[in-house]
1. If the requirement is being more than 28 Å from ASP354 (Cβ to Cβ), out of contact with any strand residue (DSSP E or B) (no Cβ under 8 Å at 6 or more places or on another chain) and surrounded by fewer than 16 Cβ atoms within 10 Å (Cβ to Cβ), which of these qualifies: SER279, SER331?
2. Cβ contacts < 8 Å: first residue closer than 19 Å to ALA388 by Cβ, restricted to the stretch 350-377; second residue among the basic types (Lys, Arg) and assigned to a loop (DSSP other than H, G, I, E, B), any location; separation 6+ or different chain. Result?
3. Among the listed residues ARG126, ARG104, ARG165, ARG171, which satisfies the condition of being under 30 Å from ALA75 (Cβ atoms) and modelled with pLDDT of 90 or more?
4. What single numbered condition from (1) within 22 Å of ILE222 (Cα to Cα); (2) free of Cβ contacts under 8 Å to residues at least 40 places away in the same chain fails to hold for GLU309?
5. Taking the stretch 140-155 on its own, how many of its residues are in contact (Cβ under 8 Å) with a residue 12 or more places away in the chain and assigned to a helix (DSSP H, G or I)?
6. When residues of the stretch 344-385 are filtered for being of a type outside the set (D, E, K, R), under 21 Å from the mean Cα position of the chain (by Cα) and loosely packed, with under 13 Cβ neighbours inside 10 Å, how many remain?
7. Within the stretch 34-44, can one find any residue that is outside any loop (DSSP other than H, G, I, E, B), modelled with pLDDT under 85, surrounded by 13 or more Cβ atoms within 10 Å (Cβ to Cβ) and on the phi < 0 side of the Ramachandran plot?
8. Given the structure, is GLU158 outside the structural domain of LYS376 (by TED's automatic domain parsing), within 20 Å of TRP380 (Cα to Cα), free of Cβ contacts under 8 Å to residues at least 12 places away in the same chain and assigned to a helix (DSSP H, G or I)?
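The values are calculated or read from the model by the stated rules, or taken from the named source; none is laboratory data. The structure displayed is predicted, hence computed values, not measured ones. For neighbour counting, all protein chains shown are included, and Cβ atoms are generated from backbone atoms with ideal geometry for every residue, glycine included.
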Amino acid sequence: MEQGYSTREAARIVGINLRTGKKWRNGHHSPGKGLKPVPPVYPVPGQQPEGPGGQGKAAPHTSRYLREEERIHIADRLRERASVRQIAAELGRSPSTVSREIRRNRRPMPKGGFSYRPFHADNRARHRRARPKVGKIGQCPELRDFIQEHLTMRWSPEQICQALRARFPDRPEMHVVHETIYQALYVQGRGELRRELTRSLRTGRAVRRPHRLATKRVNRPIKNMVMISERPAEAADRAVPGHWEGDLIIGKNGQSAIGTLVERSTRYLMLVHLPTGHSGLATRDALATTVQTLPRHLWRSLTWDQGSELSAHRSFTIATGIQVYFCDPASPWQRGSNENTNGLLRQYFPKGTDLAAHAPEDLAAVAAELNSRPRKTLGWETPAERLAKLLATAS
């Protein structure tokens, strides 16, 4: 490896397996009773090629990290006004490595400019590499409390990160990315966020699960369907409000259901109470009652999947004047906003529970909470704010 070979290639040349090679390189703690830890194998003194400051060939770098003698060479050449590319060529390093080293480890001067001191830089780099480290969330109690409070409110990590930047624009210690929050929840032993907060995530899982292809459904034919390909173009670009997407979330044993309606332009959510079941007639009557709660100009079309609950779509269109369009089979992305919202609703209405136990007041409270969450796709406005603007403009 001192000659520039990778760990895998060096182990092959020596004649050992990769795992043993990594143990030799990094050292290891023997689990046996009474055995001492084995330190890593360091370079044998006197076998290194002559360093950058000598007459011989430049020493090849032994790892991704700069050595102390390389930092001394960088400092000497900076005093001689050498360019970053010249220094990198002399060290056998990438110019970006040298540039990043200078930028991260330099010290500002009182009268302007900066000073690069190699021993100070080496100490900083060694301290930065030390593991384990306390994460950013664990270092700031105020940040941790803010994240935990909003996770309890069922905000997503990305919504929390945006709220932190909006509320604390001049405090970078309060800024994190959403992956930092996921790591604090998922990684065992970090202790930065309470483990039970994973139940507040949309999936409710404490581990990541890879995406899998959905199995195709066997669809029941519905008479006189108007397919989504015939839907007006204004509905596709979301520029004109009033085009909705709908579906049902099903309860335990398929005996209960709640209707969900999402407006494509504002992502505004309405929940439909189905106390008498989700047959075609029951769903038609409940939807017809729900659409009357908003002005007529906010109801232009409704896009649904090919579920049998909307088999009475023609009579619904006659009663309300709203044309219903049906998605292609096994194509949930054609109602993407509604599918995403149904996933959010499962935090409130878990699978395998009786949805008939929820009163209309419960559904209204859940819809109000979701409509008051900021959305990235809306420029971090809430659906309620977008709908209020539309109503104000119309009035």
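1. That would be SER331, the only listed residue that is more than 28 Å from ASP354 (Cβ to Cβ), out of contact with any strand residue (DSSP E or B) (no Cβ under 8 Å at 6 or more places or on another chain) and surrounded by fewer than 16 Cβ atoms within 10 Å (Cβ to Cβ).
2. Within 8 Å, the pairs are GLU369/ARG154; ARG375/ARG267; THR377/ARG267.
3. After applying the criteria, what remains is ARG104.
4. (2)
5. Qualifying residue count, the stretch 140-155: 9.
6. Count: 3.
7. Yes, the stretch 34-44 has at least one match.
8. No; evaluated as a whole, the condition is false for this residue.
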